[in-house]
Amino acid sequence: MFAKYEGATMSEVFVKINNRQLGPLNRREIKNLVVNGEFSQDDLVYHEDSQEWVEAKQIDELRTIFIQDEQQERRKTVYAVGGGKGGVGKTILTASLGIGLATYDHEVVIVDADLGGANLHTSMGILEPEYTFYHFYTLQRENLDDICLETPVSNLKLISGACGTLGLANPRYSQKVRFINQLRQLNADYILLDLGAGSSYNVIDFFLAADEGVLVTTPEPTAIQETFNFLKVAIMRRLVREFRKNVAVLSIIDQYMYSEPGRMQFTMDDLIKDVKEIDDEAAYYIENFLGKYHPRLILNMVHSSKEIREGDSFRTAAHDILNVDVDYIGFVEYDESVRKSVKELKPFVLDNPRSKAAKSLARLITVGILQKSGWVGYKEKRRVLQHLKAESVDYPEANVRESDTICSVNCFYWGDCDYQEGGYPCPIRNLDPIFKRNG
Ligand SMILES: Nc1ncnc2c1ncn2[C@@H]1O[C@H](COP(=O)(O)OP(=O)(O)OP(=O)(O)O)[C@@H](O)[C@H]1O
Ligand SMILES: [Mg+2]
């Protein structure tokens, strides 16, 4: 069978999927089926020598395809969920994406990287996380593994942020990269970072250092604008770092970077043209980087099909102005039940797995992130929703009364905070400028 090569091609075989016979298929076609999740090692292949149907895993020549696929699956991916505008749903989407990916038996860790207002734990109904980054940075716990908390969801762990400003309020770029590398040491397939709002370098650097950047925005013009600006700042920051030792190129980037805030007065083509005049190689680098950079985009709180198209407009603008292909991986509908679940401190996909929002999130995971298309995508979406329904049955109630203290995370202001009965997001971050001025 596959051992026989005819030039560059291999001989072909028949396979059976759900009692349907397909073929003859060559190795590449079978690999495509495996990658799309349509063919597994337990499915049947017709073995010509013995003239019988046998499980694919029994055929030596096919085994390597499955091994390669498993290796790809185990590849650790750090996703950073950001996007500039506050309150657009970064935190609750990070939690729900994590829960959805965990239904695939992937090991998932969600990480609260909002240095200003940690609240990922509350969105999971965990009110008093035993350990947080506070313990890590104050060396009370040595490894990130030690502050990785179990959650009520199988295969999902949480690293909780510390509220208030960390001692590491303004970490250096290298510290942020080291932090992401430390995260990669965790025993997990997916690591999702919930970033804070804004386009400060603290947020942008995490976005750039991760393997995949996910932009979250609502379809409102102000949110779209802020997200676009976030992307622009991220790209410029990346270029500044790349050319920090090339004074001539850096001065051109600087000129473009400090254009009037909120206004896109140039295109990347303009910048590349100027750079090309003095440094061909640098211009080529920039073109190449932009060509390979594919941040993803999620539209949240979508009200209508017209609003869904805002994602496409964003893509077009990013392509035309920034020369970047943004991958618009899907949207989540506006859904009152999400607000209710937030008040009950339950992730919305588990509070109401039948809701519109839960269904759109399941589609986003299967089609947008895991790229299962067509019939397989549909089947997978249903499987994820069924899994969520099963998980939702035993999900513990957070049991919070209005009067309860829920700001329970040890932070640098602990014991000296008027807001401890406060809520989430921690209001202390709004006071940061005051603290800085006084201190
Ligand atoms: N799909 C949705 N439908 C309805 N309401 C939603 C939806 N998504 C988010 N929300 C509302 O938006 C609020 C803000 O969500 P979330 O805290 O995740 O935003 P955020 O982007 O993390 O904010 P911040 O920038 O302050 O960290 C939620 O508490 C919820 O009430
Ligand atoms: Mg948040």
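The values are calculated or read from the model by the stated rules, or taken from the named source; none is laboratory data. Keep in mind that what you see is a predicted model, and the values were worked out from it rather than measured. Neighbour counts run over all protein chains shown; Cβ positions are idealised from the backbone, glycine included.
Given the options Leu195, Leu127, Leu139, Leu156, name the one that is away from ligand 2 (no atom under 15 Å from the Cβ), under 19 Å from the mean Cα position of the chain (by Cα) and aliphatic (A, V, I, L, M).
On the way: Leu195 fails: away from ligand 2 (no atom under 15 Å from the Cβ); Leu127 fails: under 19 Å from the mean Cα position of the chain (by Cα); Leu139 fails: under 19 Å from the mean Cα position of the chain (by Cα).
Selected residue: Leu156, the only one of Leu195, Leu127, Leu139, Leu156 that is away from ligand 2 (no atom under 15 Å from the Cβ), under 19 Å from the mean Cα position of the chain (by Cα) and aliphatic (A, V, I, L, M).
Tyr256: under 19 Å from the mean Cα position of the chain (by Cα), farther than 27 Å from Leu101 by Cα and surrounded by 13 or more Cβ atoms within 10 Å (Cβ to Cβ), yes or no?
Working: under 19 Å from the mean Cα position of the chain (by Cα): no; farther than 27 Å from Leu101 by Cα: yes; surrounded by 13 or more Cβ atoms within 10 Å (Cβ to Cβ): yes.
Spelling it out, it is not the case that Tyr256 is under 19 Å from the mean Cα position of the chain (by Cα), farther than 27 Å from Leu101 by Cα and surrounded by 13 or more Cβ atoms within 10 Å (Cβ to Cβ).
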Filtering segment 29-47 for residues that are more than 11 Å from Leu62 (Cα to Cα) and at pLDDT 85 or above leaves a count of 3
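If you go through segment 195-231, how many residues are of a type in the set (D, E, K, R) and in contact with a Gly (Cβ under 8 Å, 6 or more places away or on another chain)?
Quick first cut of segment 195-231, residues of a type in the set (D, E, K, R) only: 205, 211-212, 220, 226.
In the following step, the residues that additionally are in contact with a Gly (Cβ under 8 Å, 6 or more places away or on another chain) were identified as 226.
Here the count works out to 1.
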Qualifying residue in segment 58-77 (condition: within 16 Å of ligand 2 (Cβ to nearest atom), modelled with pLDDT of 80 or more and within 19 Å of Gly330 (Cβ to Cβ)): no
Filter result for the condition that a residue is modelled with pLDDT under 90, over 17 Å from Leu345 (Cβ atoms) and within 16 Å of ligand 2 (Cβ to nearest atom), over Ala80, Ala118, Ala113: Ala113
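Mind listing whichever residues of segment 293-352 are aromatic (Phe, Trp, Tyr) and in contact with a His (Cβ under 7 Å, 6 or more places away or on another chain)?
Looking only at segment 293-352, we keep the residues that are aromatic (Phe, Trp, Tyr), and these are 293, 314, 328, 331, 334, 348.
Correct list: Tyr334 only.
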Checked Leu345, Leu361 against criteria (touching a residue at least 60 places away in the same chain (Cβ under 8 Å), under 25 Å from Ala210 (Cα atoms) and in contact with a Gly (Cβ under 8 Å, 6 or more places away or on another chain)); the one match is Leu361
Is there a residue in segment 150-161 that is surrounded by fewer than 23 Cβ atoms within 10 Å (Cβ to Cβ), in contact with a Phe, Trp or Tyr (Cβ under 7 Å, 6 or more places away or on another chain), modelled with pLDDT of 90 or more and not acidic (Asp, Glu)? yes
Selected residue [in the same structural domain as Gly82 (by TED's automatic domain parsing), within 16 Å of ligand 1 (Cβ to nearest atom) and within 29 Å of Lys389 (Cα to Cα)] from Leu149, Leu156, Leu186, Leu193: Leu193
